[in-house]
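Read the structure below first, then the notes.
Each reported figure results from applying straightforward, stated rules to the coordinates on display, with no laboratory input. Every value quoted in this text rests on a predicted model; they were computed, and no experiment measured them. Here the Cβ is made from the backbone with ideal geometry for all residues, glycine too, and neighbour counts use every protein chain on show.
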Amino acid sequence: MIKFCSLYSGSSGNSLFIGVGKTKILIDAGLSGIKITKALSLIDESPEELCAILITHDHVDHVKGAGILSRRYNIPIYANEGTWEVMKNLIGPVVLENIKVFNTGTVLDIGSLTVKSFPIPHDAAEPVGFNFFAENKKITVATDIGHINRGLLSNFEKSDMILLESNHDIEMLKTGPYPWPLKQRIMGDFGHLCNDMAGKVVAYLAEYGTKLFLLGHLSKENNFPELAYQTVCNALMQKKINPGKDIYLEVAHRDKASKVLYI
């Protein structure tokens, strides 16, 4: 059985936990080591048992605590070359044996988990999402997505569970306090995924068998959980898919651990 929990997911910081048996992995570490350790303890996990920290991309809300956790608990950090080149200046020194550089698209075996990375359109050095495989199950993590393309969908398909970005409501963003260049960046092809597009992707995947959905990386200023949830529900209902009955849908919390899922 695979254990999955979003510890934090939002514009203020991101960190996810996935584990099967003794194989326990952190996906991103975009908050302080203290906050991540506390969140792990709330789901009966500890950093001492982590096998790896996987990094999706180099932005600070995904890497802030990676260095301190690696140094304190001797945890390997996995990132592709483009991400390492930027993040090494953000996270402090990491001992050589804990620097694990991979090529995007290659398959990694970490304990009982098989991990495949895939490219994501975002304004970072070399951003990726991850597929995790274990016990004939597929778990996908995909946030910080500027736009959806066929390549992304092919990596999402046949997932048993996916954490998908639902960053902003377009109208809230347009009328909100952000300066126009920042709004353009968020709405651009290398920015973030809006609620409407998240709904379309969730409905598409639900039609093809995915049953568990988490909406993540919500903006504090340009979204709120009820709106993201309802927008995606509307897209599902248009396809005659009933959230809560036909599929499981939840919004990951920005500032605390979400419900632990067992897949």
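Can you list the HN-Hα couplings for region 8-18, worked out from phi with the Karplus curve (6.51, -1.76, 1.60; θ = phi - 60°), rounded to whole Hz and with x for Gly and Pro?
Using θ = phi - 60°, the values come out as 8, 8, x, 5, 8, x, 9, 6, 10, 10, 9 Hz.
Looking at this model, which pairs from Lys158/Lys200; Lys174/Lys240; Lys100/Lys200 are more than 27 angstrom apart at the alpha-carbon? Show your work: numbers first, answer last.
On the way: Lys158/Lys200 16 Å; Lys174/Lys240 31 Å; Lys100/Lys200 35 Å.
Those over the limit are Lys174/Lys240; Lys100/Lys200.
Looking at region 3-262, send over the antiparallel percent of its DSSP beta bridges, to the nearest 5. Spell out each step's value before the answer.
Details: 29 of 54 bridges.
Taking every DSSP beta bridge with both residues in region 3-262, the antiparallel ones total about 55 percent.
In a Gaussian network model over the chain where Cα atoms closer than 10 Å are linked, find which of Arg185, Arg71, Arg150 has the largest mean-square fluctuation.
For the chain, modelled as a Gaussian network with Cα springs under 10 Å, the answer is Arg150.
Across 10 Å bins from the origin, how do the percents of Cα pairs in the chain run, short distances first?
7, 33, 39, 18, 3, 0
In whole Å, what is the distance between the alpha-carbon centres of region 188-257 and region 134-179?
Spelled out, the Cα-based centre of one part sits 9 Å from the other.
Go through region 100-114 residue by residue and turn each phi into a ³J(HN,Hα) via Karplus (6.51, -1.76, 1.60, θ = phi - 60°); whole Hz please, and just put x for glycine and proline.
10, 9, 10, 8, 4, x, 7, 9, 10, 10, 10, x, 8, 10, 9
Show me, for region 40-53, the HN-Hα J-couplings you get by feeding each phi into the Karplus relation (A = 6.51, B = -1.76, C = 1.60, θ = phi - 60°), rounded to Hz, glycine and proline as x.
3J(HN,Hα) across region 40-53, in whole Hz: 4, 5, 5, 10, 6, 10, 9, x, 4, 9, 6, 8, 6, 10.
What does the charge dipole of the chain about its Cα centre add up to, to the nearest 20 debye, if the Cβ of each Lys and Arg holds +1 and the Cβ of each Asp and Glu holds -1? Could you put the intermediate results ahead of the total?
Working: 27 positive and 28 negative charges, 75 e Å.
Dipole about the Cα centre, nearest 20: 360 debye.
Where does the chain land at 222 nm, in deg cm²/dmol rounded to the nearest 500, when only DSSP H runs of n ≥ 4 count, each adding -39500 (n - 2.57), divided by all residues?
Working: 9 runs with 77 residues, N = 263.
For the chain, the value works out to -8000 deg cm²/dmol.
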